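Below you'll find the structure, written out as structure tokens, and then a few comments.
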Amino acid sequence: MDVHDSRTRRLLFTVLLFAWFVPNGIAQSSNDDKAAAELRQAKNDVRSMKNSPGSPNSLGLLLDGAPSIGDANARVAVVEFGDYECPYCGRHANQVLPEIVANYVNTGKVRYFFKDTPVEAIHPAAFKAAEAALCAGEQGTYWEMHDLLFKNQQALGVTELAAHARALNLDMPKFQQCFDSDRYAAQIRKSLEEAVKAGARGTPTFIVAVWDPNEPGKTAVTTLSGFRPYRAFQQVLDRLLSPEGANEDQQ
């Protein structure tokens, strides 16, 4: 893919995110406390697993090198496209992800991936924050940095990122060399391109897929867009993990 095409895809994702973020951000803000509406949405997610808009029945996701937690042989994968400055991504990371990890990841049922999709047009610090997390990953602390950044979304400047690295007791010369080298810039831009291909129109977007460790791609089952309460994920994951849901992608 040439540079022009790559830039076009990143611009397209930015435009799509603006189109999604403004109306949906307002709608979410006004509906956050409406539990009944959220539960209805969760049930709709389950019913529309096979043909949800923007989520083709067969979708290849290149996950090699993407940070992940969970058993490599887990039946189901959740792939998050996220941005460290995105407020709804922060809510998910701080309020929902810990429950998913406790109940599905740590029990061997789900493998969880994070794909960086920083939208610099509205989140200028997100790209370097993504690089900082990936550099921390070289020292075995990717998820610790991930959590720390989402807990400190107002402190993502270059100086603050270095402070977060020190707080995690990283080897600072090694971290700084990685951070200054833009080593992961191409990987992050590739994730932005994948977000467009996957039909993501904003962050966070979640692809919930049947996991096959013997295949490099994944078969998409459903897409969840925007902030969703834990019970929305619970509905979808329990359906996929049930005996009848195990063959959902084969129907």
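Any read-out appearing in this document is the output of simple, stated calculations on the displayed coordinates, not a laboratory observation. Nothing here was measured: the structure is a model prediction, and the numbers come from that model. Don't worry about glycine lacking a Cβ; one is built from the backbone with ideal geometry, like all the others, and counts go over all protein chains shown.
Some notes on this structure:
- Distance (nanometres) between label positions extended 7 Å along Cα→Cβ at N106 and D71: 1.6
- One chain, two ends: K151 and L168. Fully extended at 0.36 nm per residue, the span grows by 4.7 nm beyond their Cα-Cα distance.
- Sequence-distant residues sharing a close amide H with A121 (under 5 Å, placed H): none
- For the range 227-237, 3J(HN,Hα) computed residue by residue from phi via the Karplus equation (6.51, -1.76, 1.60; θ = phi - 60°) reads 5, 10, x, 4, 5, 5, 5, 4, 4, 5, 5 Hz, glycine and proline entered as x.
- Ordering K128, K115 from the fewest to the most neighbouring beta carbons within 10 Å gives K128, K115.
- The range 127-190: C-alpha gyration tensor shape, a/c 1.5 cut-off, then a/b vs b/c: rounded
- Residues D147, D182, D83, sorted so that the one with the fewest Cβ neighbours within 10 Å comes first: D182, D147, D83
- Couplings 3J(HN,Hα) of the range 162-173, computed from phi: 5, 5, 5, 4, 5, 4, 8, 6, 6, 5, 5, x Hz, in residue order, whole Hz [Karplus 6.51 cos²θ - 1.76 cosθ + 1.60, θ = phi - 60°; x for Gly and Pro].
- Each of L241, L156 was scored by other Cβ atoms within 10 Å of its Cβ. Arranged with the fewest first, they read L241, L156.
- Amide H contacts of V76 (H built 1.01 Å from N, in plane; Pro and chain starts excluded): R111, W211 sit under 5 Å, all sequence-distant by 5 or more or on other chains.
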